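Worksheet: the structure to be examined is printed underneath.
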Amino acid sequence: MKRPSRYTPEELHARLVVSIGIILAIVFAGSVFALLWALVFVTQPMKQAPNDAAFIDLVATLTVFLTGTLSGIVSANGLKSKTKQGENNVSSTQQVS
């Protein structure tokens, strides 16, 4: 029986980044959906309760944190792969000269 080939460290890192990004995006979408649902479809009294204010503040803080985390993951990995390609292009042009 043939053994399945192992993933390279780059492939494992890419899979990890994608899975973390998907999980964070799902949590972010769920938070935004829950916040909008609570604001639009749940009947609110004229004066906001302290518990509701604390909940909305907590969800807003979590949403800002998740937005920063998602953008950091996407931008950091995009910059890393661009520099690797740039280094390969520079070394190949230097060898041609």
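FYI, it's all coordinate maths here, none of it is from the lab. Keep in mind that what you see is a predicted model, and the values were worked out from it rather than measured. Every residue, glycine among them, receives a Cβ derived from its backbone with ideal geometry; neighbour counts consider all protein chains shown.
Taking the number of other C-beta atoms within 10 Å as the exposure measure, put Asp57, Asp52 in order starting with the fewest. Walk me through the numbers on the way to the answer.
Values: Asp57 10, Asp52 13.
Ranking Asp57, Asp52 by Cβ neighbours within 10 Å, fewest first, gives Asp57, Asp52.
Quick one: if you stick a label point 7 Å off each Cα along the C-beta vector at Lys47 and Arg6, how many nm between them?
Taking the two extended label points, one gets 6.6 nm.
Counting other C-beta atoms within 10 Å, and keeping those with at most 12, which DSSP coil trypsin sites (Lys or Arg not before Pro) do you find in the stretch 1-35?
Working: sites: Lys2, Arg6, Arg15; in loops: Lys2, Arg6.
Here the trypsin sites (Lys or Arg not before Pro) that fit, given the DSSP loop and packing criteria, are Lys2, Arg6.
For Phe41, Phe65, Phe33, which order do you get if you count the other beta carbons within 10 Å of each Cβ and list the fewest first? Spell out each step's value before the answer.
Numbers: Phe41 7, Phe65 13, Phe33 10.
By the 10 Å Cβ count, ascending: Phe41, Phe33, Phe65.
If the chain between Asp57 and Ala14 were fully stretched, how many nm would it gain, using 0.36 nm times the residue separation less the Cα-Cα distance? List each step's numbers first, then the result.
On the way: separation 43, 0.36 × 43 = 15.48 nm, distance 3.38 nm.
Extra length from Asp57 to Ala14 when fully extended: 12.1 nm.
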